[in-house]
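Undergrad: After the structure tokens below, expect a handful of questions from me.
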Amino acid sequence: VVSIDKASYFHKINNTWKNRPSILSKSQISNSENFEKLFQLGIPKNSWFVCVHARDIGYSPHDDVEHNFRNSLIEDYYESMDYINLKGGYCIRIGDKSMKPILKKEGYIDYALSDLKNEEMDLFLAANCSLFIGSASGALAMSGVFGTPLACANLAPLSHSFVRNREDMGIPKLYKNNATNELMNFKDIMQSESSNYRINKQFLEKNIILLRNSSEDILNMVKEQYHILRNDRKITDQEVELQKKFRNLFTKNHYSYYSESVVSYSFLNKYRYLL
């Protein structure tokens, strides 16, 4: 998994695994006690829910100065959470207790700051959610190992744009040249070392600023993933071509080269001028 300046082999293992059931089973942690806690959190029986995680500064403050380019703001996910609520689902924010409280709103559940939070419940929620809406953080792996589909925003660096499994979807942060105040095109990035940068000072030394995904871009990705998972969203030929064009920028020197996931079609269409 931890590959520097080269493709991560675990994506290739995922491809070989194909459609076999995941090794870890939801049944292993889906006991009556955890379902009771789910009810205590405010999820009615037989209701569906998503997990939401936005990487924040509090989890690892001692080295955040090196990795804060991966951080995001939970507020940028609110529109997507509203969309899930509109469709009848509940949104459970997961994370650690250093996080600031989320907006108090019907359908929003701040599990991260709940007294019910524990490691087993973390896994239970990640395994049983209908969709994991995440960011550039290891937390997404909790759902990924159970085969739960992902929709992850604010992925960085650009070589990490493809997430884990073939049903997953992501969108990367955009690169801005601070000297010219212009967005950098994807091809130039992928042909440079900046596509694989892992430490914040590397971006700063090259005068590069990573821009958080907008609420609109995150919402469009979540809408897209929601409908694709329900088989009522047709992928157009133009979208397939844009996906192929972006994927062809990746080589075996890039982290997610072997991944069979996709980047949001609406994101690539919006920023096709950067291709």
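The values are calculated or read from the model by the stated rules, or taken from the named source; none is laboratory data. Quick caveat, the model's predicted, so the values are computed rather than measured. Cβ: placed from backbone, ideal geometry, glycine included. Neighbour counts: every protein chain shown. The area values use the complete protein model at the heavy-atom level, side chains included, leaving out ligands, DNA and RNA. Shrake-Rupley method; radii C 1.70, N 1.55, O 1.52, S 1.80 Å.
Undergrad: Scan (i) 0.98; (ii) 1.07; (iii) 0.95 for the value of Rg/Rh (Cα atoms, Kirkwood Rh) calculated from this model and give just the label.
TA: Given (i) 0.98; (ii) 1.07; (iii) 0.95, the calculated one carries the label (iii).
Undergrad: I've got another one for you. At a 4.7 angstrom Cβ threshold, list every cysteine in the chain that has nobody to pair with, or say none.
TA: Result for the chain is 91, 152, no neighbouring Cys Cβ within the cutoff.
Undergrad: Solvent-accessible area per residue for the range 227-275 at a 1.4 Å probe radius, Å²?
TA: Per residue, the range 227-275 has 58 Å² of solvent-accessible surface.
Undergrad: Please list 220-230, 240-250 highest first by mean number of surrounding beta-carbon atoms within 10 Å per residue.
TA: 220-230, 240-250
Undergrad: Distance check, please: which entries in 173/270; 176/245; 87/223; 6/206 exceed 19 angstrom between their Cα atoms?
TA: 176/245; 6/206
Undergrad: Determine the shape class of the range 1-121: with a ≥ b ≥ c the square roots of the Cα gyration tensor eigenvalues, call it rounded for a/c under 1.5, and otherwise prolate if a/b is greater than b/c, oblate otherwise.
TA: Oblate, since a/c reaches 1.5 and b/c is not below a/b.
Undergrad: Determine the calculated [θ] at 222 nm for the chain from helices alone, applying -39500 (n - 2.57) to every DSSP H run no shorter than 4 residues and normalising by the residue count; nearest 500 deg cm²/dmol.
TA: Rounded to the nearest 500, the figure is -9000 deg cm²/dmol.
Undergrad: Using Cα positions and a limit of under 16 Å, work out the aspartates and glutamates in reach of residue 117, with same-chain residues fewer than 8 apart set aside.
TA: Within the straight-line cut-off, residue 117 pairs with 33, 36, 96.
Undergrad: Determine by what factor the alpha-carbon radius of gyration of the range 120-251 differs from 2.2 N^0.38 Å, reporting the quotient.
TA: The reported ratio for this selection is 1.13.
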